[in-house]
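Throughout, read-outs are computed from the coordinates displayed, never taken from laboratory work. The structure presented is a predicted model; accordingly, all values stated were derived computationally and were not measured. When we count neighbours, we look across all protein chains shown, and the Cβ atoms used for this are built from the backbone with ideal geometry, even at glycine.
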Amino acid sequence: NWVDIFRTIEPGEDQYTWWSNRGQSWEKNVGWRIDYQIGTPQIAAKACRVEIFKDERFSDHAPLIIDYKINARWLKS
């Protein structure tokens, strides 16, 4: 039972992480969401914020950042 963690918090459309270099795809926001963070439902429940940094142009992919609320005791186990 794997979960698309981004979609558990942000179910809206037009959220992409990649745009073709052809046809002004980035400017028109016509892209694909091909970068994921996948996890179990238990891990997804710890997600508290998601963001795609569209304007950060390190490559043809946009960074997908997910913040998690994690208990320090959980990290030790």
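Applying both filters, DSSP loop and at most 13 other Cβ atoms within 10 Å, to the GluC sites (Glu not before Pro) of the stretch 14-77 gives Glu56. Using a cutoff of 8 angstrom between alpha carbon atoms and counting only pairs six or more residues apart, the relative contact order for the chain works out to 33 percent. With 0.36 nm allotted per residue and the present C-alpha distance subtracted, the Gln42-Tyr68 stretch has 8.2 nm of extension available.
If you place +1 on the Cβ of every Lys and Arg and -1 on the Cβ of every Asp and Glu, how big does the dipole about the Cα centre of the chain come out, in debye to the nearest 20? Present the calculation step by step, with values, prior to reporting the outcome.
On the way: 11 positive and 11 negative charges, 82 e Å.
Using Cβ point charges on Lys, Arg, Asp and Glu, the chain gives about 400 debye.
Looking at the chain, the pairs of alpha carbons with a distance over 22 Å make up 32% of the total.
Please return the longest range in the chain lying between exposed loop sites, taking chymotrypsin sites (Phe, Trp or Tyr not before Pro), DSSP loop only, at most 11 other beta-carbon atoms within 10 Å, and leaving the sites out. Working shown, then result.
Working: sites that count: Trp2, Phe58.
Between exposed loop sites, the widest span is 3-57.
Once R0 is set to 25 Å, what does the formula 1/(1 + (r/R0)^6) return for the Cβ-Cβ distance between Glu27 and Arg49, expressed as a FRET efficiency to the nearest 0.05? Mind dumping the intermediate values first?
Values: r = 27 Å, r/R0 = 1.07.
Working from the Cβ atoms, E equals 0.40.
Would you mind ranking Val3, Val30 by Cβ crowding within 10 Å, fewest neighbours first? Don't skip to the answer; put the middle values down first.
Numbers: Val3 17, Val30 13.
Lowest to highest Cβ neighbour count: Val30, Val3.
Which residue fluctuates the most in the chain, going by a Gaussian network model with Cα springs under 10 Å, if the choices are Pro41, Pro11, Pro63? Largest GNM mean-square fluctuation: Pro11.
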